[in-house]
Amino acid sequence: MASPYPIHKLSKSSSSSELISWRFSLIFIVVLLLSPISTATHISDVFESYCLISFYVLVNFELIEGVKNDLFPEILRDEAVARIYELGKVSDADSYLERTFLSPASIRAGNLIRTWMEDAGLTTWVDGLGNVHGRVQPPNASKKALLIGSHLDTVIDAGMFDGALGIISAISALKVLNVTGRLRNLRHPVEVIAFSDEEGVRFQSTFLGSAAIAGVLPASTLQIPDKSGLTVQNVLKENLIETTEENLSLLKYEPESVLGYVEVHIEQGPVLESVGLPLAVVKGIAGQTRLKVTVRGSQGHAGTVPMSMRQDPMVAAAELIVSLESLCKNPQAYISNDGSNGHCNAFSVKSLSGSLVCTVGEISTWPSASNVIPGQAILTVDIRTTDDIGREAIIYELSNQMHSVCDRRSVSCLMERKHDANAVSCDGGLNSQLKSAAYAALKRMAGEDIGDVPVLMSGAGHDAMAMSHLTKVGMLFVRCRGGISHSPEEHVLEDDVWAAGLAIQTFLETNL
């Protein structure tokens with residue numbers, strides 16, 4: 001799909017041969033008009049001037065062509081887009097995209113990514129948590145490696161760009177350096193990592209892959225079961241990966257061996273589309289808490305238990321959901337800065353209101369029959385904000401409201417924290433380098449100044465959050481249509497894929 005935005009003005013409307021012929025004819029006419037022609041000598045001088053000027057124009061034209069060819073659309077756009085679509089067909093479901101941690105489709109996707117890494121000149125391997133690595137070790141490089149990554153897993157009924165774009169853009173940028181012979185000139189090793197699990201769909205525990213590399217994955221995670229009862233360790237063993245609580249720590253990278261971590265990701269929001277630009281630098285990532293709320297009541301016959309005598313956990317859960325929505329839409333109505341909520345004055349309620357989002361994404365009941373009053377209801381709660389202390393205040397208030405509702409309805413409630421991640425600030429130095437690289441790439445594609453590269457906050461969680469425990473992190477966002485993500489409607493323009501790859505290539509050449 002051609003981009004509606006002016007980011008490739010170097011393309012010509014005429015063929016190269018027509019343009020050369022037209023320029024040479026114009027040169028000859030100008031030389032004749034400006035030269036006094038009276039003798040054969042003068043004719044010879046005119047011809048000599050024509051040849052010299054023509055040579056200059058020909059060289060200039062080749063330089064222009066060289067600039068255009070140096071953008072490598074055949075690798076950074078055409079091949080990259082084809083690979084994204086190819087990876088998008090690797091699914092555990094027939095009618096929609098689904099790849100969860102170490103599922104059969106996830107294994108096939110990892111093998112495909114390895115072939116692309118090797119095609120780019122990288123040495124590949126799979127680690128003890130299913131992460132796929134591809135590394136180049138230039139002959140005179142230092143020991144500190146730049147890590148570039150994103151995730152190969154997806155949500156259920158996913159879009160094809162979330163995660164995949166970051167992996168493939170990095171591979172494409174390194175392939176350009178490889179085919180042009182510049183890969184071995186890098187001053188640092190570069191390692192691309194396709195993380196096995198970021199979404200947390202299968203085990204309700206996000207960042208399994210990146211957390212292991214960062215050294216912050218608890219050993220107890222290996223014993224978390226999925227809905228079928230298989231644990232993380234069981235699934236690893238099924239795939240011939242013998243990771244135990246004793247050797248899990250061996251996956252951790254040492255901080256002194258890492259230069260930094262960079263991630264390219266779709267924005268998953270509408271800002272870039274609204275300003276008409278393909279790329280942005282990420283200032284930071286919102287903190288996140290995932291809760292599991294279990295409400296237990298009295299199971300009974302739908303036709304025989306009077307309404308006034310019911311202890312219905314489903315109705316209590318419904319009231320909790322509405323209470324959560326009200327709390328997160330208007331936190332200032334429930335919490336204050338006077339210290340009465342136990343969090344003192346360490347955060348701004350006004351600031352919290354601007355970044356707070358809360359979601360109940362899943363609810364289930366038991367026994368889940370139309371003629372039975374449920375005995376149990378389970379729901380998930382996702383809370384995100386850039387203010388970590390404010391997030392704790394919201395959880396504190398939600399807990400108070402939950403116990404109030406449950407007591408009033410004579411049901412029991414249990415709130416469990418399944419995932420916590422503090423807000424992360426991206427590194428200022430890396431951000432500056434990424435911003436310069438993005439600006440240079442977009443200017444080269446457009447042939448003119450495109451203005452300042454935006455700086456955005458991320459409300460979505462990314463592997464960079466886990467990797468920030470290991471090293472400094474930087475991120476680039478890529479525009480997506482309508483800001484839609486986690487949906488089959490997720491889409492990125494082909495020229496925006498190109499821009500992402502070119503920005504990473506520029507970043508690598510300029511800074512490594």
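The values are calculated or read from the model by the stated rules, or taken from the named source; none is laboratory data. The structure displayed is predicted, hence computed values, not measured ones. Please note: Cβ atoms are built from the backbone with ideal geometry, for glycine as well, and neighbour counts cover all protein chains shown. These accessible areas exclude ligands, DNA and RNA; they are computed on the full protein's heavy atoms, side chains included. Shrake-Rupley method; radii C 1.70, N 1.55, O 1.52, S 1.80 Å.
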Output for Cβ contacts, cut-off 8 Å, separation at least six or different chains, first residue more than 20 Å from residue 401 (Cα to Cα) and crowded, with 18+ Cβ neighbours inside 10 Å in the range 335-363, second among the aliphatic types (A, V, I, L, M) and at pLDDT 70 or above, reads 347/389; 347/393
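Checking the condition open to solvent by less than 50 Å² (accessible area, probe 1.4 Å), modelled with pLDDT of 95 or more, touching a Lys or Arg at 6+ places or on another chain (Cβ under 8 Å) and of a type outside the set (Phe, Trp, Tyr), which residue from 430, 434, 398 passes?
Numbers: 434 fails: touching a Lys or Arg at 6+ places or on another chain (Cβ under 8 Å); 398 fails: touching a Lys or Arg at 6+ places or on another chain (Cβ under 8 Å).
Just a single option satisfies the conditions, and that option is 430.
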Any residue at all in the range 476-487 that's among the charged types (D, E, K, R), closer than 20 Å to residue 87 by Cβ and surrounded by fewer than 21 Cβ atoms within 10 Å (Cβ to Cβ)? yes
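Assigned to a helix (DSSP H, G or I) and out of contact with any Ser or Thr (no Cβ under 9 Å at 6 or more places or on another chain): does that describe residue 508? Working first, answer last.
Details: assigned to a helix (DSSP H, G or I): yes; out of contact with any Ser or Thr (no Cβ under 9 Å at 6 or more places or on another chain): yes.
Considered against the rule, which asks whether it is assigned to a helix (DSSP H, G or I) and out of contact with any Ser or Thr (no Cβ under 9 Å at 6 or more places or on another chain), residue 508 comes out as yes.
Which one of these is open to solvent by 40 Å² or more (accessible area, probe 1.4 Å), in contact (Cβ under 8 Å) with a residue 40 or more places away in the chain and under 30 Å from residue 273 (Cα atoms): 451, 459?
When all the criteria are applied, what remains is 459.
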Failed criterion for residue 215 (all others in (1) open to solvent by 30 Å² or more (accessible area, probe 1.4 Å); (2) in contact (Cβ under 8 Å) with a residue 60 or more places away in the chain; (3) out of contact with any strand residue (DSSP E or B) (no Cβ under 9 Å at 6 or more places or on another chain); (4) on the phi < 0 side of the Ramachandran plot hold): (4)
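Which is more than 24 Å from residue 468 (Cα to Cα), modelled with pLDDT of 95 or more and either within 20 Å of the chain's Cα centre (by Cα) or not hydroxyl-bearing (Ser, Thr, Tyr) (or both), of 153, 119, 162, 127? Walk me through how you get there before you give the answer.
Working: 153 fails: more than 24 Å from residue 468 (Cα to Cα); 162 fails: more than 24 Å from residue 468 (Cα to Cα); 127 fails: more than 24 Å from residue 468 (Cα to Cα).
Among 153, 119, 162, 127, only 119 is more than 24 Å from residue 468 (Cα to Cα), modelled with pLDDT of 95 or more and either within 20 Å of the chain's Cα centre (by Cα) or not hydroxyl-bearing (Ser, Thr, Tyr) (or both).
For every residue, the table says whether it meets (1) modelled with pLDDT of 95 or more; (2) within 20 Å of residue 98 (Cβ to Cβ).
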| residue | (1), (2) |
| --- | --- |
| 187 | no, no |
| 196 | yes, yes |
| 200 | no, yes |
| 210 | yes, no |
| 215 | yes, no |
| 223 | yes, no |
| 227 | no, yes |
| 240 | no, no |
| 253 | yes, no |
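Do any strands (runs of 3 or more DSSP E) entirely within the range 121-183 hold 2 or more residues that are touching a Lys or Arg at 6+ places or on another chain (Cβ under 8 Å) and under 24 Å from residue 207 (Cα atoms), and if so, which? First the steps, then the outcome.
On the way: elements: 123-126, 132-136, 145-151.
Filter on the range 121-183 gives 123-126, 132-136.
If you check 224, 241, 266, which single one turns out to be buried (at least 18 other Cβ atoms within 10 Å of the Cβ) and among the aliphatic types (A, V, I, L, M)? Give the derivation first.
Details: 224 fails: buried (at least 18 other Cβ atoms within 10 Å of the Cβ); 241 fails: buried (at least 18 other Cβ atoms within 10 Å of the Cβ).
From the options 224, 241, 266, the qualifying one is 266.
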Please report, ordered by residue number, the strands (runs of 3 or more DSSP E) entirely within the range 408-479 with at least 1 residues that are within 30 Å of residue 373 (Cβ to Cβ). 412-421
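What about residue 211, is it within 18 Å of the chain's Cα centre (by Cα), in a helix (DSSP H, G or I) and of a type in the set (Gly, Ala, Ser)? I'd like the intermediate steps shown before the answer.
Values: within 18 Å of the chain's Cα centre (by Cα): yes; in a helix (DSSP H, G or I): yes; of a type in the set (Gly, Ala, Ser): yes.
So residue 211 passes the test.
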Looking at the range 310-320, is at least one residue over 29 Å from residue 200 (Cβ atoms), open to solvent by 50 Å² or more (accessible area, probe 1.4 Å) and among the basic types (Lys, Arg)? yes
The one condition residue 163 fails out of (1) surrounded by fewer than 24 Cβ atoms within 10 Å (Cβ to Cβ); (2) of a type outside the set (Asp, Glu); (3) under 30 Å from residue 233 (Cβ atoms); (4) out of contact with any helix residue (DSSP H, G or I) (no Cβ under 8 Å at 6 or more places or on another chain) is (1)
